[in-house]
Every structure is written in structure tokens, then in C-alpha cells.
1. Residues Ser133, Ser141, Ser54, Ser71: which one is modelled with pLDDT of 85 or more and out of contact with any Ser or Thr (no Cβ under 9 Å at 6 or more places or on another chain)?
2. Just to be sure before I move on: is Thr171 at pLDDT below 85, on the phi < 0 side of the Ramachandran plot and not charged (D, E, K, R) in the structure I sent?
3. Sort out which residues of the stretch 387-421 are of a type in the set (Phe, Trp, Tyr) and within 15 Å of Gln139 (Cα to Cα), and write them in order of number.
4. When the residues of the stretch 78-129 are filtered to those that are acidic (Asp, Glu) and out of contact with any Pro (no Cβ under 9 Å at 6 or more places or on another chain), which remaining residue is nearest to Gly160 (Cα to Cα)?
5. When you go through Tyr413, Tyr435 one by one, which is the residue that is of a type outside the set (S, T, N, Q) and touching a His at 6+ places or on another chain (Cβ under 8 Å)?
6. Collect the residues in the stretch 389-414 that are of a type in the set (Gly, Ala, Ser) and more than 22 Å from Thr338 (Cα to Cα), keeping them in residue-number order.
7. Among the residues in the stretch 47-66, are any among the acidic types (Asp, Glu), over 19 Å from Gly111 (Cβ atoms) and not in a helix (DSSP H, G or I)?
8. Is one or more of the residues making up the stretch 42-55 among the hydrophobic types (A, V, I, L, M, F, W, C) and under 23 Å from the mean Cα position of the chain (by Cα)?
Amino acid sequence: MIQVSVALLISIAALIAVSRYFKLHAFFALLLAAVLFGLIMGKPFLEIFTSMQSGFGLLLQQIGFLVAIGSCLGTVMEKTGAMATLGNKIITAFETSRTRLAMAVTGLLVGIPVFCDSGFIILSRLIPALASSAATPAQLSLALSTSLYTSHTLIPPTPGPLAAAANLGATSHLGLVMLVGLIGSIPVTGVAYLLSRKLGLQIATTTPAIEPPEVHAHSTILIFIPLVIPIVLIALASLPTLIPALQSWSILQVIGNPAVALLIGLNFSFLLIRGKQKQTWPGWISEALKDAGIILLITGAGGAFGTVIKSSGLDLILKDVLADSQAGGIIFILIAFTLAAILKTAQGSSTSAIIIASSLLAPLTIGAGFSQPLDLATLVLAIGGGAMTVSHANDSFFWVVTQFSGIGERDAYKSYTLITLAQGLTALLVSIIIYLL
């Protein structure tokens with residue numbers, strides 16, 4: 001027990017240190033931590049490396065298609081102007097007095113297919129024209145940024161939660177993971193919505209030199225189809241397990257396969273390409289696949305680290321420690337949240353924090369009593385909540401928010417960073433409540 005604990009602490013500390021102070025890429029930092037853990041446990045180097053290769057390949061097998069296709073879908077939605085158009089349509093549907101709520105809803109929806117950085121850069125251009133006595137620019141910026149941040153960390157098929165589901169063995173229950181993420185995102189966004197009004201009220205902003213977004217004449221249905229179809233199809237795939245009469249409907253399992261569902265959504269998104277965009281869209285796909293490649297490498301390295309940990313027998317030790325299933329389950333959720341929060345605060349990237357934390361915890365889930373699909377989905381929510389806590393100067397999104405909102409750095413710490421703390425704690429509370437119920 002002591003040897004395993006020391007090995008785990010040293011390897012995690014080394015992972016954080018080389019990432020933060022030596023700026024080593026998360027991919028190599030994870031590989032280094034895996035090797036260090038194995039060596040402290042007294043394993044031969046060749047055995048360690050073989051385990052790492054096995055874990056790397058197994059995880060990419062589960063998640064590779066999903067991340068690549070999802071990245072392409074988000075990029076097409078962004079480049080065609082569909083995201084800006086969607087935001088404009090949602091805001092138009094709300095009354096002027098509810099503009100802040102409109103921004104929160106917009107951010108929550110847009111953050112599912114599009115990275116929060118890109119989403120804020122695009123949608124923040126709408127804010128100057130929407131600011132009024134009912135909602136200041138700072139309030140609107142805080143509502144938008146924190147809602148984008150919510151879906152980015154809690155709802156698949158964004159890469160972080162998607163990777164966590166794969167790490168924890170919940171890919172076949174992705175519909176449930178999405179549902180739990182959506183349920184958790186409502187109170188998390190609600191807390192951010194309320195705090196954005198109070199904390200943004202006294203913040204003076206400078207006007208960023210940005211042009212209004214180009215809003216295209218896409219129909220509302222055409223914009224929503226690429227977003228809604230994958231979610232609906234993935235949800236339909238779970239029906240045969242709930243309704244025995246549908247077990248013979250194999251077509252539901254085919255079209256509801258997450259990779260197939262996302263691929264169908266991607267094909268619908270191509271209908272948004274207009275005019276000169278028909279000449280440039282292949283470049284968008286190349287750009288999206290490059291972004292996906294980085295995420296996949298980090299995810300695979302996390303799987304390598306997790307496999308080395310699993311070979312140590314730590315899961316059996318944890319099973320003895322967490323003997324009381326309910327109390328032990330809550331403790332495990334707290335461990336998951338805290339680990340993700342430490343990683344997030346130390347190295348800045350929410351996606352990396354989710355991937356690393358879920359990789360470390362994956363070998364321990366069965367020992368902790370987390371084997372049921374709902375338990376695993378709840379654990380993904382807790383890890384996502386930890387990865388929200390907190391966004392500050394080492395997070396690229398923090399600087400995107402300050403630069404494109406006109407909120408000063410000091411005010412951002414007092415408002416945006418504080419809201420991310422409240423959001424993370426809310427996600428933790430919701431995950432505990434779901435687990436207890």
C-alpha cells in the first residue's frame with residue numbers, strides 16, 4: 001500500500017511539475033509519469049513500455065473516430081457562420097430584458113460542438129449591439145463565457161468528457177453520459193447566470209476592436225440538424241435495453257453508434273457550405289484533424305498511464321479501503337473532483353485535466369464500486385466539475401475572455417475565475433446528489 005501510494009504521488013507530482021515549470025507537452029509528461037510510476041513499483045522497463053503501448057492503442061480504438069469526426073463537425077459549424085447565426089437566432093427569440101439569459105443558453109448550446117475559445121471569439125462580437133440598461137457588456141460576457149465553459153467540460157461529444165467516458169469504459173453508454181452531463185449543466189449554468197449579474201454589474205469594460213460576425217441566411221432547421229441528429233440517434237440506441245420489444249431493431253444500434261451518429265451529423269453540416277466556401281472547406285477538415293490529433297495523443301498517453309497503474313494492483317487496495325459502498329462512493333467522487341481540480345489549476349487545460357484524471361481513476365472504478373453505467377456517468381460529471389475549478393492565468397480561455405470582452409485581468413479574477421469555482425462546486429454537488437439517488 002505504501003509503495004503504491006508513494007509511486008502515485010511522485011508520478012502525479014512529476015507530471016504537474018514538468019507540465020507547469022518545464023512547459024513539457026502533456027503527451028510526453030504523461031509518458032514520463034507512467035514510466036516513473038512503473039520504475040518505482042519495481043517493474044522492468046520493457047514490461048512498463050509494453051503496458052503503455054497496450055493502453056495507448058486500446059483507448060484510441062474506442063475514441064479515435066469520435067474525436068476526429070466531432071472536431072470536423074464543430075469546425076464546419078464554425079467556419080460556415082452557422083454558430084454566429086445560431087446565436088443570433090436564439091438571442092432574437094428572447095426579450096430585450098432577458099438578453100443575459102439568451103447569452104447563457106446560446107453558450108451552452110454552442111459549446112457542445114465548438115471549442116469554447118472559438119465560440120467566445122465568434123459570439124462575443126454580438127455583445128456590443130446587445131448591451132443595454134438591462135444587461136451590461138460585462139454581464140453578457142460573463143454569462144456567455146461561463147456557459148460555453150460548462151458544455152466544454154461536462155457534455156460529450158466535446159473531447160474532454162468524451163475521453164473521460166472512454167477511459168472509464170462508458171463509451172457504450174454515451175447517451176446516458178450525455179444525459180447526465182446535460183442535467184448537471186443546467187444548475188451549473190444557472191449558478192453562473194445568477195453570479196454574472198451580480199459580479200458583472202460594477203465592472204467597466206473597454207470596447208475591443210472586433211467586427212460584428214457575419215450572419216448567413218441559413219434556415220433554423222438546417223443549423224440545428226447537425227447538432228440535434230447525433231444526440232437523438234445516440235439516445236435511440238439505448239432504447240432496446242429499456243424496451244424489450246425493440247431488441248430486434250438492429251438498425252437502432254447501427255445509426256446510434258456514436259461514431260456513425262456523429263458522421264451523419266457531419267454530413268448534414270456540409271449542407272451549410274455556401275458560395276466560395278465550397279472551394280475552401282477541405283482546408284477546414286485538415287485543420288480540424290490536426291486539432292483532433294493533439295487531443296488523441298494526449299488521450300492515448302493518459303490511457304498508457306492508466307494501464308501501468310492498473311498493473312500495480314491499486315484497484316484491489318482501493319476496494320478494501322472503500323468497503324462501505326455508499327460512503328466509499330462519495331469519497332471516490334470527492335477524490336475524482338479534487339484530482340481534476342488540482343490538475344486544472346496547476347496546468348490550465350480543462351481537457352487535459354479531464355483526460356489525465358479519468359486515466360488515473362479508470363483502473364480503480366471497479367474497486368471503488370463504480371461499475372454501473374449511471375455511476376460512471378456521474379463520475380464523468382464529477383471529473384468535469386473538477387476540471388472547471390478554476391480558470392485563471394494559465395488557462396488560454398481566461399485570456400480569450402479578457403481580450404475579447406474588454407474585462408481587465410484584475411476584474412476577471414474577481415468575477416470570471418470566481419464563477420468557475422462556483423460552477424465546479426455546483427457540478428460536484430449535483431454528482432453527489434445523483435449518486436445518492
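1. Details: Ser133 fails: modelled with pLDDT of 85 or more; Ser141 fails: out of contact with any Ser or Thr (no Cβ under 9 Å at 6 or more places or on another chain); Ser54 fails: out of contact with any Ser or Thr (no Cβ under 9 Å at 6 or more places or on another chain).
None of the other options fit; the residue is Ser71.
2. Details: at pLDDT below 85: yes; on the phi < 0 side of the Ramachandran plot: yes; not charged (D, E, K, R): yes.
Judged against the criteria, Thr171 is a match.
3. Residues of the stretch 387-421 that are of a type in the set (Phe, Trp, Tyr), as a first pass: 397-399, 404, 413, 416.
Those that are of a type in the set (Phe, Trp, Tyr) and within 15 Å of Gln139 (Cα to Cα): Phe404, Tyr413, Tyr416.
4. To start, the set of residues in the stretch 78-129 that are acidic (Asp, Glu) comprises 78, 95, 117.
Then drop every residue that is not out of contact with any Pro (no Cβ under 9 Å at 6 or more places or on another chain), which leaves 95, 117.
Numbers: Glu95: 34, Asp117: 14 Å.
So the residue we want is Asp117.
5. Working: Tyr435 fails: touching a His at 6+ places or on another chain (Cβ under 8 Å).
That would be Tyr413, the only listed residue that is of a type outside the set (S, T, N, Q) and touching a His at 6+ places or on another chain (Cβ under 8 Å).
6. Within the stretch 389-414, the first condition is being of a type in the set (Gly, Ala, Ser), and the residues that meet it are 391, 393, 396, 405-406, 408, 412.
Within the stretch 389-414, Ser405, Gly406, Gly408, Ala412 qualify.
7. Residues of the stretch 47-66 that are among the acidic types (Asp, Glu), as a first pass: 47.
Among the residues that remain, those that are also over 19 Å from Gly111 (Cβ atoms) are: 47.
Subsequent filtering for residues that are not in a helix (DSSP H, G or I) retains none.
No, there is no match, as no residue in the stretch 47-66 is among the acidic types (Asp, Glu), over 19 Å from Gly111 (Cβ atoms) and not in a helix (DSSP H, G or I).
8. First, the residues of the stretch 42-55 that are among the hydrophobic types (A, V, I, L, M, F, W, C): 45-46, 48-49, 52.
Then keep just the ones that are under 23 Å from the mean Cα position of the chain (by Cα); that gives none.
No, the stretch 42-55 has no match at all.
The values are calculated or read from the model by the stated rules, or taken from the named source; none is laboratory data. The structure presented is a predicted model; accordingly, all values stated were derived computationally and were not measured. FYI the Cβ positions are ideal-geometry reconstructions off the backbone, even for glycines, and counts take in every protein chain you see.
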